[in-house]
Amino acid sequence: MRKITGRISMNHGNGGVYMQKLISDVFMRFFNDELIGNQSDAAVLNTGSGAIAYTTDSFVIEPLFFPGGNIGSLAVCGTLNDLAVSGAKPAFLSVGFIIEEGFKISELTRIVRSMAIEAEKAGARIVTGDTKVVNAGKCDKLFINTSGIGVLDEKHIPLSSGKYIKPGDKILLNGPPGEHGMAILQARKLFDFKTNIISDCTNLYPLVKQILNISDRVHFMRDATRGGVATVINEIARKCNTGIEIDEAFLPVNNEVAALCELLGFDPLYIANEGKVIVVADAMDAELILTAMRQTKCGKNAAIIGEITADHPGKAVLKTRSGGKRIIDELLGDQLPRIC
């Protein structure tokens, strides 16, 4: 693909191919520090007296309130999760608000309260912030930016790089994909029918802690947000130049999500999540890790969904229930914009 030109489209924010081109052709041309070059969920920084993980994210979801959460709980959980999958214990958060003139203070209060609750549950402290108010019509109600710092054990530093991923490693997923994206779609009230789908928005640190406490053979973790499971799977294959095979028969499925996706022509593998983590681990510990995941609230439906292979390097393949195989392509178009 040639270098991008022209104007930004919604596809440049979906986590897929166009976003990767935007990052490589524009941002990485000038922000060329080796730490940002890793393009992991959090930068791993050596402070001289230990390692920390540092991350930042912005949230522009529409609608602001949805089944299972709101923009505030999403912002805190999303930042906590980026720290957690890097192997870090979340410690400190900053919050920045861009608020549109006319926004209801009662709704802002609900959102801020949910942020405080989520941070407290995780043992993280919100220690600094910023507020800007813009004229009516210059912002869609409310945008939030959060940054986070987590304490990182030295032995977990390689987790975000995937440097130890190898053929034979197993791939685990802690539950059904696509629940967040479908909950947001339902909240937009574009259809007459209703579902019981609730966003999976949650703090993944308790699950990650459980995994890392029982195994030193975890080779990679990544939360599957924009672009879904398929985008993370492709990222691993491309980054490590390995093949990946996912078995459709072992994918945990939410029946309502599957039905809604089928009705609308979506694939759950490409739909956003806010409480799903992909874990790549040595086959020796895969069952042990699976058991540990299933002991947590957000991992009770965890499954081993595939493995790393030496075949077809750089490509991800789905083994279908019917016995065939198909390529899991990288995401191009934006299936659901403004989901986080």
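Read-outs throughout are calculated quantities, based only on the coordinates presented, and are distinct from any laboratory measurement. Because the structure is a prediction, the values reported are computed rather than measured. No Cβ is skipped: glycine too gets one built from the backbone with ideal geometry, and neighbour counts run over all protein chains shown.
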Given a Förster distance of 22 Å, the FRET efficiency implied by the Cβ-Cβ spacing of Thr47 and Lys209, rounded to the nearest 0.05, works out to 0.50
Identify the residues of the stretch 48-69 with backbone N under 18 Å of a label point that sits 7 angstrom from the Cα of Ser106 along the Cα-to-Cβ direction, or state none. 64-66
Give a residue-ordered list of calculated ³J(HN,Hα) values for the stretch 305-317 (Karplus: 6.51 cos²θ - 1.76 cosθ + 1.60, θ = phi - 60°; whole Hz; x for Gly, Pro). 9, x, 8, 7, 9, 7, 6, 5, x, x, 10, 10, 10
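Roughly speaking, what is the stretch gain from Gln39 to Ile4, that is 0.36 nm per residue apart minus the C-alpha to C-alpha distance, in nm to one decimal?
10.7 nm
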Length added when fully stretched, Ser94-Val134, from 0.36 nm per residue minus Cα-Cα: 12.4 nm
If we count every other residue with Cβ under 14 angstrom of Gly102's Cβ, Lys/Arg +1 and Asp/Glu -1, where does the sum land? -1
Inter-part distance where the stretch 11-56 and the stretch 229-252 are each reduced to a Cα centre, Å: 21
So, with points 7 Å from each Cα along the Cβ direction, the Glu154-Met28 label distance in nm works out to 3.0
Once R0 is set to 30 Å, what does the formula 1/(1 + (r/R0)^6) return for the Cβ-Cβ distance between Val127 and Thr291, expressed as a FRET efficiency to the nearest 0.05? 0.25
Radius of gyration and maximum dimension Dmax of the chain, Cα, Å: 19.4, 58
Please identify every one of the chymotrypsin sites (Phe, Trp or Tyr not before Pro) in the stretch 193-295 that sits in a loop by DSSP and has no more than 10 other beta carbons within 10 Å of its own beta carbon. Phe193
For the chain, what does the helix formula give at 222 nm: sum of -39500 (n - 2.57) over DSSP H segments with n ≥ 4, over the residue count, nearest 500 deg cm²/dmol? -8000 deg cm²/dmol
What does the net charge come to around Ile278 if you take all other residues with beta carbon closer than 9 Å to its beta carbon, with K and R at +1 and D and E at -1? +1
May I ask you to sort Ile105, Ile289 by Cβ crowding, counting other Cβ atoms within 10 Å and putting the fewest first? Ile105, Ile289
Pairs Lys189/Lys300; Lys121/Lys209; Lys104/Lys132; Lys209/Lys276; Lys194/Lys319; Lys276/Lys325: which are spaced more than 21 Å apart, C-alpha to C-alpha? Lys189/Lys300; Lys194/Lys319; Lys276/Lys325
Once label points are set 7 Å from the Cα along Cα→Cβ at both Ile117 and Glu262, what is their separation, rounded to one decimal in nm? 3.5
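Based on Cβ point charges of +1 for Lys and Arg and -1 for Asp and Glu, what charge dipole magnitude is obtained for the chain about its Cα centre, in debye rounded to the nearest 20?
Its charge dipole is roughly 300 debye.
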Per residue, how big is the convex hull around the C-alpha atoms of the stretch 33-157? Give it to me in cubic angstrom, could you? 121
